[in-house]
Structure formats: C-alpha cells, structure tokens
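A.B. asks: Dumping the structure here so I can ask a few things about it.
Just so it is clear, none of the values below were taken in a lab; they were calculated from the coordinates. Because the structure is predicted, anything quoted here is derived from the model rather than measured. Positions of Cβ are generated from backbone atoms using ideal geometry, with glycine treated the same way; all protein chains shown enter the neighbour counts.
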Amino acid sequence: MVAVPVTLAPRRPADARATDGMPASGPLVDTHGRVHRDLRISLTDRCSLRCTYCMPEQGNEWLARTSILSTDEIVRVARVAAAAGITTFRLTGGEPLLRPDIVDVVRRLSEVESPDGPVQLAMTTNGIRLGEYLPDLIAAGLNRLNISIDTLDRDRFRELTRRDRLGDVLDGIAAAAASGLRPLKLNAVAMRGVNDDELVDLVEFAIEVGAELRFIEQMPLDAGHTWSRAHMVTREEILETLSQRWGVTALPGRGGAPAERFVLDGGPATVGVIASVTAPFCGNCDRMRLTADGQLRNCLFSTTEYDLLPILRSDAGDAGVERMLRSCVFGKLPGHAIDDPSFLQPARGMNAIGG
Ligand code: SAM
Ligand code: SF4
C-alpha cells in the first residue's frame, strides 16, 4: 500500500493572506462564486471509538484542553456566521456526545437566527449514549441526525473500531428510529475486504429502521496515513453491488448536497453515495469547518487553517471574526485534487478536523 504524503497545516493570521476583492458584506462567497451556507462545528477531537480509517489505536496527540473552544466562543462564531448567510450547523467531532455540555451547546446554537430565520441544526454521531441524550437534544432544538455504522457484525465492529460497542451503537440507532426525528441517515464507509460484502445488509437494516443508508467512499484522512486509491471501494462498485439486489435509479435535484441519492426498486426506499474521491462535488461545495481548537478550514483536505483562536481571545470584536470567516472562504481552492500526484494529505486525522 502506498502512503499519501503528509503536510503540516500552516496557521497564518488573516492579514497575511491575499484578500484583494474580498467582499466585506453579503454572503460568504469564494473566488469561484460558491456561496457558503453550511458550517461544520467540531466539538471535540476525543472519541469513544478508534475507527481504523480515522484514528490511531494509541498515541493520538490530543488537542490541548486550553485551546478547546468554550461554548460561548462557539456560539459567537455561529452567530457571526449565521449573520453572514450560514443556514445549517452540523455538530461533529471526534464524538460530539462526549462533550459534557452537549445539550447546552445544542440549545444555544438552535437559538441562533440567520437573516432568513432559525438555522437548521444537525449532528453526526457514532450513536453511543444517544438513547440517553436524545430526548434532551430534541427538546433543545436538534433537527437532524446522522449515525455512523459500518458493519452489523460484532467481531468486525470490534476489529474496525477497536472497541466492542456494536450493541451501544444499535441502541442509539433504535432510540433515534423511535424518536420520529426525520430524515434519519446512517453513514457507512465502504471498505474492501472489511464490509464490502455487507452493503446490501446495511441498506436493508437502514430501511427496517426508517433511515437512509449513505455510503461514503473512504478518504485519505486516516491518522495512520495508510489510505490508498487502489484499495478503496468506489461509487461505481457500490452501485454495481446494490444493482444486483435492487433496481437503482438516480434521483435528480442534488443541489449542493454531498450525497447522490438513488431510489431502490421505484421507491420509497432510497440510498445515498458520497463519492468524494471518484466523483467529487467540489464545484457545488457550500461547506466550511470550525475545528474544536478554533481553526477555520475551507475544505476537509485543506492543508491550511485560519486561526480564529487568538481573535476570539482578543478584543478584535465580531468584525475580526467575520473577516476571518470571509478570508477562509475567499481562500478556497476550486477542488481537493486527491487524484493529483502533488496531493498532500492533511496532517490532522478526521477526528481532529471534524467529519
Ligand atoms: N464520531 C462521529 C461519527 O463517527 O459519526 C462524528 C465524527 S466522524 C469523523 C464523521 C464521519 O466521518 C463518520 O460518518 C465517519 O464514518 C466519517 N469518516 C471518518 N474518517 C473517514 C475517512 N477516512 N473516509 C471517509 N469517511 C470518514
Ligand atoms: Fe470516532 Fe467517528 Fe472517527 Fe470513528 S469515525 S473514530 S466514531 S470520530
């Protein structure tokens, strides 16, 4: 397996960047005309699992506790972002449910207003302890949930996540299914020789619980930097496997969504495929990210971060926060270029970037 080269993410202040022509007001637009509406907020880099495609088994370098954004700081960034046109916040991590004040974070973010009304608040979680938190999360204003599950086999799950917790994840999914929170989505990373013989079973499981399964192509974001293009399962292979069980028809109207959606046997069941590697959706990307330690990122694969932390902890005011949001978006490249030989994998693993 050929490892992807690594680069450290330079952190530079906003005034060190080319910002000629950057709009000082209006929506968060980049130099390619893409308007940004979606902010992914990572609440922690810690996790209750150790998925092989995301984190190392041991020796992870955790973010310093003093650099983790407080809830007041997160809400402040969210408020400024919403005023500039962000309409959806997605809470992620690491595992967002490990944040001790998660219900308070949800409640406060759900109260943030954009010029068009309240924002949508979504969360991506591994599902562990979801049953315990869900009633309070819904009461606090959570609108949507994505739960990750890559296998229904206990031994495989233990190997893949290095934790024997499939039962806890299934309990979390059952709680979400019973809650009536819809649409409910289940995420699965398709992996050769790991779960590629389970794709149909995963879709059937999702249909049973009233959710949509979304397959994700494995991306070069693992902390061990062992990803290889040759080893990953492609969109085409996923669709070929599903076609052997169902009639698979593409749904039109994807917009800026990362997942292509397909109807199975004429419906109502659907499945999604997020083909970030083989069919990237960069041209319509409207997402940006805030890491748990206050770094803004304009792409999952970016090797540059925009350091908001000193601005939040100085007297720069909301104008300084807005300027950093704008320069982060303005500096966005047209695409991630995973297939380019010069591609460099970001130094941080997915758990620290925020998936
Ligand atoms: N811990 C939560 C979870 O697993 O849902 C939230 C964070 S996790 C980083 C967010 C999503 O990223 C999960 O659905 C996970 O499967 C996906 N993910 C992590 N590493 C990935 C990789 N290398 N390629 C593709 N997807 C990945
Ligand atoms: Fe944790 Fe999610 Fe990464 Fe798995 S994918 S190790 S659950 S952050």
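A.B. asks: Please name which of Val119, Pro268, Ile74 has its Cα lying farthest along the dipole of the chain towards the positive end, using unit charges on Cβ (Lys, Arg +1; Asp, Glu -1) and the Cα centre as origin.
C.D. replies: Positive-most Cα among the choices belongs to Ile74.
A.B. asks: Shifting gears a bit: Taking a quarter of the surface of the convex hull around the Cα atoms of region 132-200, what do you get in nm²?
C.D. replies: The Cα convex hull of region 132-200, projected and averaged over all directions, gives 5.1 nm².
A.B. asks: Just from its helices, what would the mean residue ellipticity at 222 nm be for the chain, if runs of 4 or more DSSP H residues each count -39500 (n - 2.57) and the sum is divided by every residue, rounded to the nearest 500 deg cm²/dmol?
C.D. replies: So the helix-based figure for the chain works out to -8000 deg cm²/dmol.
A.B. asks: Oh, and also: Whole angstrom only: what separates the Cα centroid of region 40-81 from the Cα centroid of region 300-326?
C.D. replies: That distance is 16 Å.
A.B. asks: So, one more: Report, for region 27-134, the % of DSSP beta bridges that are antiparallel, rounded to 5.
C.D. replies: Expressed as a percentage, antiparallel bridges in region 27-134 total about 30.
A.B. asks: Percent of Cα-Cα pairs per 10 Å bin, from 0 to the last occupied bin, for the chain, please list those.
C.D. replies: Using 10 Å bins, I get a P(r) of 5, 25, 36, 26, 8, 1, 0 for the chain.
A.B. asks: Using the basic label-point model (7 angstrom from Cα toward the beta carbon), what is the Gln58 to Ala319 distance in nanometres?
C.D. replies: 5.3 nm
A.B. asks: For q = 0.14, 0.15, 0.16, 0.18 Å⁻¹, what log10 I(q)/I(0) does region 24-156 give under the Debye formula with an equal point scatterer on each alpha carbon and no solvent?
C.D. replies: Debye intensities relative to I(0), on a log10 scale: -0.71, -0.80, -0.88, -1.05.
A.B. asks: Mind sorting Trp62, Trp227 by how few other Cβ atoms lie within 10 Å of their own Cβ, fewest first?
C.D. replies: Lowest count first: Trp62, Trp227.
A.B. asks: Among all cysteines in the chain, which have no other cysteine Cβ under 4.7 Å from their own Cβ?
C.D. replies: That list is Cys47, Cys282, Cys285, Cys299, Cys328.
A.B. asks: At 7 Å along the Cα-to-beta-carbon direction for both Glu204 and Glu111, put a label point, then send me their distance in nm to one decimal.
C.D. replies: 4.8 nm
A.B. asks: Arrange Leu28, Leu239 by Cβ neighbour counts within 10 Å, fewest through most, would you?
C.D. replies: Leu239, Leu28
A.B. asks: What distance in nm separates the simple spin-label points at Val35 and Asp153, each placed 7 Å from Cα in the Cβ direction?
C.D. replies: 4.7 nm
A.B. asks: Considering only C-alpha atoms, what is the centroid distance from region 251-292 to region 91-126, in Å?
C.D. replies: When both Cα centres are located, 22 Å separates them.
A.B. asks: Let me ask something additional. Using the Kirkwood radius built from alpha carbon pairs, what does the Stokes-Einstein equation give as D for region 289-331 at 37 °C and 0.692 mPa s, in µm² per second?
C.D. replies: Approximately 315 µm²/s, per Stokes-Einstein.
A.B. asks: May I ask you to list the GluC sites (Glu not before Pro) in region 177-256 that are in a DSSP loop and have at most 10 other Cβ atoms within 10 Å of their Cβ?
C.D. replies: Of the GluC sites (Glu not before Pro), not one in the loops of region 177-256 has a Cβ with at most 10 other Cβ atoms within 10 Å.
A.B. asks: Additional query: Please report, to two decimal places, log10 I(q)/I(0) for region 84-160 at q = 0.16, 0.25, 0.27, 0.28 Å⁻¹ as given by the Debye formula with identical point scatterers on the Cα atoms and no solvent.
C.D. replies: The calculated log intensity ratios at q = 0.16, 0.25, 0.27, 0.28 Å⁻¹ are -0.62, -1.17, -1.29, -1.35.
A.B. asks: Amide H to amide H, which residues 5 or more places from Leu91 or on other chains are under 5 Å from it, using H placed in the peptide plane?
C.D. replies: Here Ile41, Ala122, Met123, Thr124 satisfy the definition.
A.B. asks: I would also like to ask the following. Report the residue, chosen from Asn195, Asn60, Asn298, that carries the largest GNM mean-square fluctuation when the chain is represented by alpha-carbon nodes joined by springs under 10 Å.
C.D. replies: In the Gaussian network model the winner is Asn60.
A.B. asks: Could you tally the net charge around Leu290, taking each other residue with its Cβ under 9 Å from the Cβ of Leu290, Lys/Arg +1 and Asp/Glu -1?
C.D. replies: After counting each charged neighbour, the total is +3.
A.B. asks: Rounded to two decimals, what is Rg over Rh for region 251-352 when you use alpha-carbon atoms and the Kirkwood radius?
C.D. replies: Expressed as Rg/Rh, it is 1.08.
A.B. asks: What does DSSP give for the chain in terms of the percent of beta bridges that are antiparallel, rounded to the nearest 5?
C.D. replies: Expressed as a percentage, antiparallel bridges in the chain total about 30.
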